[in-house]
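Visitor: Sharing a structure with you now.
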Amino acid sequence: LEEGIDPALIENAARAIGMPVGPLAVTDEVSLELQWNVLQQTREDLGPKFVEPVSYGVLRRFVVDLERMGRKSGGGFYDYPAGGKKQLWPGLAELYPRAAKQPTVEEVGRRLLYSQALETARCHEEGVVTSAAEADLGSILGWGFPAWTGGTLSFIDTVGLPEFVKECQ
């Protein structure tokens, strides 16, 4: 989003790879405010070891500056009109102008898969997740990682570690 990728492309690419809901919609449902609060607590807990995630600026803008906390507050990345269907918030285009050259649906889908798998691998490396099977199950049932992959860590195994690392770089 911050790179100027069309929000509809992000959401549609997620659906195309088999996610039940796009990442912007999921974020709205979970609540941007909750994610922001978790980041602030993590910053406090980790102190100088805290590293801002790539989503930090977007979350800050939505929660602190715009007070668009997600569905519970009536708007986040989406608008939720009374009696109507949710729709991407038109203000996104002004805040995050679309880049002239857009990636393909396949490229966005690949980035979504790889970023989630990479984060799971980090959690496994740090001992937050201790079982590959539980990580796979949690990724599919917990946040909707595409079931056809077998889960985040199985996805890495299928791609092959050297190729996965190369793609991530």
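The values are calculated or read from the model by the stated rules, or taken from the named source; none is laboratory data. What you see is a predicted model; the values in this text were computed from it and never measured. Heads up, the Cβs are rebuilt from the backbone with ideal geometry, glycines too, and the neighbour counts pull from every protein chain shown. These accessible areas exclude ligands, DNA and RNA; they are computed on the full protein's heavy atoms, side chains included. Shrake-Rupley method; radii C 1.70, N 1.55, O 1.52, S 1.80 Å.
Visitor: Only one of these conditions is not met by Leu34: (1) open to solvent by 80 Å² or more (accessible area, probe 1.4 Å); (2) of a type in the set (A, V, I, L, M, F, W, C); (3) part of a loop (DSSP other than H, G, I, E, B). Which number is it?
Guide: (3)
Visitor: Do any residues in region 115-135 that are in contact (Cβ under 8 Å) with a residue 40 or more places away in the chain have Cβ atoms under 7 Å from those of residues that are open to solvent by less than 90 Å² (accessible area, probe 1.4 Å), where the two are at least six apart or on different chains, and which pairs are they?
Guide: Partner pairs satisfying both residue conditions: Ala117/Thr152; Ala117/Phe155; Ala117/Ile156; Leu118/Cys168.
Visitor: Also: Scan region 64-74 and give yes if some residue there is of a type in the set (D, E, K, R), in a helix (DSSP H, G or I) and under 20 Å from the mean Cα position of the chain (by Cα), otherwise no. Spell out how you get there, then give the answer.
Guide: Going through region 64-74, the residues of a type in the set (D, E, K, R) turn out to be 65, 67-68, 71-72.
With the extra rule that they be in a helix (DSSP H, G or I), the set shrinks to 65, 71-72.
Next cut, under 20 Å from the mean Cα position of the chain (by Cα) only: 71-72.
Taking every residue of region 64-74 in turn, at least one turns out to be of a type in the set (D, E, K, R), in a helix (DSSP H, G or I) and under 20 Å from the mean Cα position of the chain (by Cα).
Visitor: Looking at region 13-24, which of the residues that are assigned to a helix (DSSP H, G or I) and crowded, with 17+ Cβ neighbours inside 10 Å is farthest from the chain's Cα centre (by Cα)?
Guide: In this case the residue turns out to be Ala13.
Residue-wise test of (1) open to solvent by less than 30 Å² (accessible area, probe 1.4 Å); (2) without any contact (Cβ under 8 Å) to a residue 24 or more places away in the chain.
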residue	(1), (2)
Glu11	yes, no
Val26	no, no
Arg43	no, yes
Glu52	no, yes
Ser73	no, no
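Visitor: Here's another thing I want to ask about it. Could you check Val108 against (1) open to solvent by 30 Å² or more (accessible area, probe 1.4 Å); (2) assigned to a helix (DSSP H, G or I); (3) over 24 Å from Val38 (Cα atoms) and say which number it fails?
Guide: (1)
Visitor: Related question: From Gly160, Gly83, which residue is over 19 Å from Ala14 (Cβ atoms), without any contact (Cβ under 8 Å) to a residue 40 or more places away in the chain and either open to solvent by less than 80 Å² (accessible area, probe 1.4 Å) or among the β-branched types (Val, Ile, Thr) (or both)? Can you show your working first?
Guide: Numbers: Gly83 fails: either open to solvent by less than 80 Å² (accessible area, probe 1.4 Å) or among the β-branched types (Val, Ile, Thr) (or both).
Exactly one of Gly160, Gly83 is over 19 Å from Ala14 (Cβ atoms), without any contact (Cβ under 8 Å) to a residue 40 or more places away in the chain and either open to solvent by less than 80 Å² (accessible area, probe 1.4 Å) or among the β-branched types (Val, Ile, Thr) (or both), namely Gly160.
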